[in-house]
1. Within the range 99-124, work out how many residues are assigned to a strand (DSSP E or B) and of a type in the set (K, R).
2. Any chance the range 176-183 includes a residue that's assigned to a strand (DSSP E or B) and touching a residue at least 40 places away in the same chain (Cβ under 8 Å)?
3. Residues that are over 30 Å from K62 (Cα atoms), at least 1 per element: which strands (runs of 3 or more DSSP E) completely within the range 206-286 meet that?
4. With G96, G86, G127 as the choices, which residue is in a loop (DSSP other than H, G, I, E, B) and under 25 Å from the mean Cα position of the chain (by Cα)?
5. Confirm whether D133 is under 22 Å from K73 (Cα atoms), part of a loop (DSSP other than H, G, I, E, B) and modelled with pLDDT under 95.
6. Among the residues of the range 1-47, count how many are part of a strand (DSSP E or B) and surrounded by 12 or more Cβ atoms within 10 Å (Cβ to Cβ).
7. Applying the selection to the range 159-175, what residues are without any contact (Cβ under 8 Å) to a residue 60 or more places away in the chain and under 20 Å from P53 (Cα atoms)?
Amino acid sequence: MTELIYEVDTFDKVYNLISNSLDIQLDKYDFQLCRFCGENNPDKFKSVAHIIPELTGNKELKYFNECDNCNNKFSKYENDLQLFGGIKNILAGIKGKKYPKHKDYKHYFQAYNSKNGVIFKSLKETGALDFSDEKISIKSETQKFKPRYIQKAFVKIALSLLPKNELKKLTKTIEWLNNPNDDFTPSNHPMFLLIERENNIPLRKPLALVYKRINDSNSPEFTLVFHYSFFSYQLFIPFNENDENLDYSKLILPLNPGVITDNKNFKEVAFNHYYMTTLKKSRLTDYFDRLTK
């Protein structure tokens, strides 16, 4: 039996920041050498790849260590990541290659961004949209996404940011990332938990931070913390050779303060968590409530 232990006040004792998207230093000697498959033919680097997906608001951090084939493959994961964000990606007003559109087939409305703000088109009154003088209330279903693709989109960000010397122990992780429909992802495994907090104010520019374990805690060696739009996420990097000796029956997951809501000095905390192992298409129901006065 697996006992999963969340710790909310030990993160800085267990992990140290080793890379982040604010001051990432790219190795010029690896220019046009794909980090994910080893491709080094300059003709295979025609696409403009990004360390962090454009859909999250990243325009600046381009990536020259990702070949066209891998870029096309990873774009499938990123498309599902956009669907996972649902209506909140629209409300945040974040523009990738273009502004996203949201279609809610259950509640019969569409939403998209324009120069004048967010436009809603309601095809049928369902009570899902409530715009009054005092508040905005929205209930919406996401479009279908594959949870495992979401996890892979985040892991790809982490692998792009990690120092090159850390990748040798992550050979199986890269193999897993390169196979969209892999057959070796374990079901409901704690290494595939996605921790989420929703914030009141959206970020227009994403922030990614990679941390490494610095003591002998029974915790995964690497964790990614990622902030964008209304969301803050944390996940752990799977298939690391250095994590094979962990006691998964009593795995400890230290949570970054940025992904939990602390109500009373850690006496009461709140966060969402999801198992992201399935390839079965899924939906989430989103709620957005804001006072306008």
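1. Just the residues of the range 99-124 that are assigned to a strand (DSSP E or B), to begin with: 101-104, 109-114, 117-122.
Add one more test, that the residue is of a type in the set (K, R), and what stays is 101, 103, 121.
Counting residues in the range 99-124 that are assigned to a strand (DSSP E or B) and of a type in the set (K, R) gives 3.
2. Initial filter on the range 176-183 (assigned to a strand (DSSP E or B)): none.
No, the range 176-183 contains no residue that is assigned to a strand (DSSP E or B) and touching a residue at least 40 places away in the same chain (Cβ under 8 Å).
3. Here the list reads 252-254, 272-275.
4. Numbers: G86 fails: in a loop (DSSP other than H, G, I, E, B); G127 fails: under 25 Å from the mean Cα position of the chain (by Cα).
Going through G96, G86, G127 in turn, just one is in a loop (DSSP other than H, G, I, E, B) and under 25 Å from the mean Cα position of the chain (by Cα): G96.
5. On the way: under 22 Å from K73 (Cα atoms): no; part of a loop (DSSP other than H, G, I, E, B): yes; modelled with pLDDT under 95: yes.
No, not satisfied.
6. Qualifying residue count, the range 1-47: 7.
7. Result: no residue meets the conditions.
Yes/no per residue for (1) within 23 Å of L251 (Cα to Cα); (2) among the polar types (S, T, N, Q):
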site: K135; (1), (2): no, no
site: K139; (1), (2): no, no
site: P163; (1), (2): no, no
site: L170; (1), (2): yes, no
site: N181; (1), (2): no, yes
site: T185; (1), (2): yes, yes
site: H189; (1), (2): yes, no
site: L207; (1), (2): no, no
site: Y233; (1), (2): yes, no
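The values are calculated or read from the model by the stated rules, or taken from the named source; none is laboratory data. For clarity, every value in this text was computed on a predicted model and none was experimentally measured. Cβ sites come from the backbone with ideal geometry, for glycine too, and all protein chains shown count toward neighbours.
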